[in-house]
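Rule-based calculations on the coordinates, nothing more; no lab input. Worth saying up front: this structure is predicted, and the values here are computed from it rather than measured. Cβ atoms come from the backbone with ideal geometry, glycine included; neighbour counts cover every protein chain shown.
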């Protein structure tokens, strides 16, 4: 593949920055990839892992002749970094970030860009439980949604070049205004973390009077609160940089929770059942184990015998028709008999063709 950029500077060589660097280097998307980090040892490791070609501890010098600068540091530090490097950015350079909040960053970054340079807000919906460059993966962005938050200042060639980069990384572009982005992620990403944190802290308060209670935490509690294990400093920054949207969704959540409390207090059997049913129906519409925010899920459920090579057989049938599998999940298996497999496909047409292919083979299949 022809390089999309001559020099890319990645400020912050952690999980996201390192993964992007790996993809750029391995696919020849940039002639040179320079990583910036305050830790020389981390830069040495990044070079060894082929996440960057060379490292630097000076973001200003590293950004001076770059035609793309990717800021992959905590959102609370992003604006400060842009202020620092802006005087060194050359005309024609594109600056982007990977932060999970956008409005404040986009507004300030556009003011700070020197003549001829353009900022494009970005947010890849991908991650790993292994933090830092050690968790970096060149395929991290494959089939992930990559949110871009363009404004009137980022239309045209600049936006096209970033979309071209995202496509080359294997991700899917969704373009939304910065404010809408912040409200959406506040509801489906930031609020869940705050709820998980509140659940754990509530249990901690109760444990003061009921020692050993946390030892009784069943799978449901552990699964619901898993995300409370996230980095405290990162989530502090998220709350402070997305304050307006988070407060709005917290008010909505408080209203819903208050309504539930009232139904319980009034022993409103019908209301509670309707509430639980509505939530169950909404939950069933969400794509299962698919990266990021997909606009639609085109899934099928296949019942197959329990024997070696059956998944490869299914994939082969679809591959012959040019149908790509975006996600796969083994749902239930009874050893020696068989089980059900969920396949997520890219379009309704792929979904229909897959059903046709499997039915011709006598395979039990249905749309989900």
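Tabulated values for the structure
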| read-out | value |
| --- | --- |
| Value of [θ]222 nm, deg cm²/dmol, for the chain, DSSP H segments ≥ 4, -39500 (n - 2.57) each, nearest 500 | -13500 deg cm²/dmol |
| Square roots of 5 times each gyration tensor eigenvalue, C-alpha, segment 78-164, largest first, Å | 24, 16, 12 |
| Along principal axes, Cα extents of segment 5-176, largest first, whole Å | 39, 34, 29 |
| Length released on extending from residue 27 to residue 175, taking residue separation times 0.36 nm less the Cα-Cα span | 50.8 nm |
| Cα→Cβ-extended label distance, 7 Å offset, between residue 252 and residue 359, nm | 3.8 nm |
| DSSP bridge orientation in the chain - percent antiparallel, rounded to nearest 5 | 50 percent |
| Normalised alpha carbon radius of gyration of segment 180-284 [divisor 2.2 N^0.38 Å] | 1.23 |
| Length gained when the stretch residue 278-residue 349 is fully extended (0.36 nm per residue, less Cα-Cα span) | 22.7 nm |
| Length-normalised contact order of the chain in % [C-alpha pairs under 8 Å, at least 6 apart] | 12 percent |
| Relative counts (whole %) of C-alpha pair distances in segment 173-215, using bins that are 5 Å wide | 5, 20, 17, 14, 11, 10, 8, 7, 6, 3 |
| Zero-based 10 Å bins, Cα pair distances in segment 298-367, whole percents | 21, 60, 18, 1 |
| Separation in nanometres of the label points that stand 7 Å from Cα toward Cβ, at residue 48 and residue 163 | 4.1 nm |
| Å³ per residue enclosed by the Cα convex hull of the chain | 191 Å³ |
